[in-house]
Every structure is written in structure tokens, then in C-alpha cells.
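A.B. asks: If you scroll down you'll find the structure; I have some questions about it.
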Amino acid sequence: MAKHAAVLAVDPVNGMGLFQYLEAFYENKIPYTVYAVAGSKEIRTNSGLGLTVNDVIANLKGREDEYDAVVFACGDAVPVFGQHASEPWNVDLMEVLKTFGEQGKLMIGHCAAGMMFDLAGVAAGKRLAVHPLAKAAIRQGTATDEKSVIDGHFFTAQTENTIWTMMPQLIETLKA
């Protein structure tokens, strides 16, 4: 039976990245639930497309055991994360990432996902593919220049344009 993924979508989310995960999961019968890293289920893509997702991250907190993997779908909210880190949904985000990481569950994402995993304190010693602008923020892991990196239970891609390079291995792992 396929693993169940919790997909975290920031507001605004990078639609190209988010939809790659969702389409691949749907086509491969991998169950997923999309959680808005926001105060409501209504979010938008960085191109302005409105989306209504399944739930909000506050309702994932404490239910991490129901999932085998977490996907961090990056977006335009990440460059200003520091200015909004104290917002309840961002506090919940960091707690959820920390819980998934400490439980050794699959940690998946692109762009600044590796940076967020590092900030959550769960990427120590891991090689991470991150957006070039996020490389300097990596403290516990090792930022690479690779298109994607699979290091243990961490699957990271440099940008939404390189997710495809890790997708075959990711799908195989999620289907196992």
C-alpha cells in the first residue's frame, strides 16, 4: 500500500512545483492531503490563481502519525518568512517539520525546502539541494549545487524546474 503524504502549501505557493507533486501522486495512486500554511484553506499561487486546499496546517499538528511523508511546496512566502515567522501557521509549520523529521519520515521539497528542514533542526548532516539564494542559510546540513539530492529520507530539488530529476525515485519510495 502506498505511503500517505501531507503536502504543505505556503501562501502564495509556487504552483508549478505544487502541481508536479499532486499530478505525480494522483497518477500513481499515492494518497495525499494538502494543508495550507496559512490561516484559511484559501490560498493562491505565485501567479495569482486561487486555490482551496483540504485543510490548514493547524489541523495537521498532532496528527503527524497519520502520514508517512511531508512535502514542502515552496513559494513566494518563503523569502519573507523571517518577517512572519511568529504567525501561528508558520510556528505550526516549524513544529510539524520538526515532528516529521524527528520521526524519520520522508522529507520532500524543492527550492527553499532544505532551508526550512534545516531551520526546523532536522537536517543535520544531510546533503540538500536548495535554491542558490538559500544556500547561505544552511547551517546543519550541506547545501549542494546538484539539481536534486536524495540523502536517506530527504528528497530535495534545487527548484521547481528540477523536481523531475528526483521524481522517479520519490514515486518508487512512496509506492513501496
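A.B. asks: What tally of residues in the range 142-176 results from selecting those that are over 15 Å from CYS111 (Cα atoms) and small (Gly, Ala, Ser)?
C.D. replies: Here the count works out to 2.
A.B. asks: Let me ask something else about it. Across the range 125-141, what is the total count of residues that are in contact with a Lys or Arg (Cβ under 9 Å, 6 or more places away or on another chain), in a loop (DSSP other than H, G, I, E, B) and either closer than 22 Å to ALA24 by Cβ or among the small types (Gly, Ala, Ser) (or both)?
C.D. replies: 1
A.B. asks: To continue, here is another question. Which ones in the range 126-153 are at pLDDT 95 or above and among the small types (Gly, Ala, Ser)?
C.D. replies: ALA129, GLY141, ALA143, SER148, GLY152
A.B. asks: Then there's this: What number goes with the only condition from (1) surrounded by fewer than 18 Cβ atoms within 10 Å (Cβ to Cβ); (2) aromatic (Phe, Trp, Tyr); (3) in contact (Cβ under 8 Å) with a residue 24 or more places away in the chain that TYR67 does not pass?
C.D. replies: (1)
A.B. asks: Now, a different point. If a residue has to be buried (at least 24 other Cβ atoms within 10 Å of the Cβ), out of contact with any strand residue (DSSP E or B) (no Cβ under 6 Å at 6 or more places or on another chain) and closer than 14 Å to VAL78 by Cα to count, how many in the range 107-149 make the cut?
C.D. replies: Residues meeting the conditions: 4.
A.B. asks: Additional query: Residues in the range 10-59 that are within 14 Å of ALA69 (Cα to Cα) and either surrounded by 16 or more Cβ atoms within 10 Å (Cβ to Cβ) or more than 16 Å from the chain's Cα centre (by Cα) (or both): how many?
C.D. replies: The number of residues fulfilling the criteria is 8.
A.B. asks: Considering only the range 101-124, state which residues are under 20 Å from GLU160 (Cα atoms) and not acidic (Asp, Glu).
C.D. replies: Of everything in the range 101-124, those that are under 20 Å from GLU160 (Cα atoms) and not acidic (Asp, Glu) turn out to be LEU106, MET107, ILE108, GLY109, HIS110, CYS111, ALA112, ALA113, GLY114, MET115, MET116, PHE117.
A.B. asks: Then there is this: Of the conditions (1) surrounded by fewer than 21 Cβ atoms within 10 Å (Cβ to Cβ); (2) modelled with pLDDT of 95 or more; (3) farther than 18 Å from VAL7 by Cα, ALA85 clears all except one; give me its number.
C.D. replies: Condition not satisfied by ALA85: (2).
A.B. asks: Mind counting the residues in the range 70-86 that are touching a strand residue (DSSP E or B) at 6+ places or on another chain (Cβ under 9 Å), free of Cβ contacts under 8 Å to residues at least 40 places away in the same chain and not hydrophobic (A, V, I, L, M, F, W, C)?
C.D. replies: Result for the range 70-86: 0.
A.B. asks: Looking only at the range 104-120, decide whether some residue is over 16 Å from LEU8 (Cβ atoms) and assigned to a strand (DSSP E or B).
C.D. replies: So far as the range 104-120 goes, no, none of its residues is over 16 Å from LEU8 (Cβ atoms) and assigned to a strand (DSSP E or B).
A.B. asks: Starting from residues that are surrounded by fewer than 22 Cβ atoms within 10 Å (Cβ to Cβ) and not small (Gly, Ala, Ser), keep the ones in the range 167-176 and report whichever is nearest to MET1 (Cα to Cα).
C.D. replies: It comes out as LYS175.
A.B. asks: Pick from ASP92, ASP68: which is in contact with a His (Cβ under 6 Å, 6 or more places away or on another chain), among the charged types (D, E, K, R) and modelled with pLDDT of 95 or more?
C.D. replies: The match here is ASP68.
A.B. asks: Shifting gears a bit: Got at least one residue in the range 142-152 being assigned to a helix (DSSP H, G or I) and charged (D, E, K, R)?
C.D. replies: No; the residues of the range 142-152 include none that is assigned to a helix (DSSP H, G or I) and charged (D, E, K, R).
A.B. asks: Just to be sure, is ASN28 touching a helix residue (DSSP H, G or I) at 6+ places or on another chain (Cβ under 9 Å), modelled with pLDDT under 95, farther than 15 Å from ALA157 by Cα and not small (Gly, Ala, Ser)?
C.D. replies: In short, no.
The values are calculated or read from the model by the stated rules, or taken from the named source; none is laboratory data. Just so it is clear, the structure is predicted and the values come from calculations on it, not from any experiment. In this analysis, Cβ positions are derived from the backbone assuming ideal geometry, glycine residues included, and neighbour counts consider all displayed protein chains.
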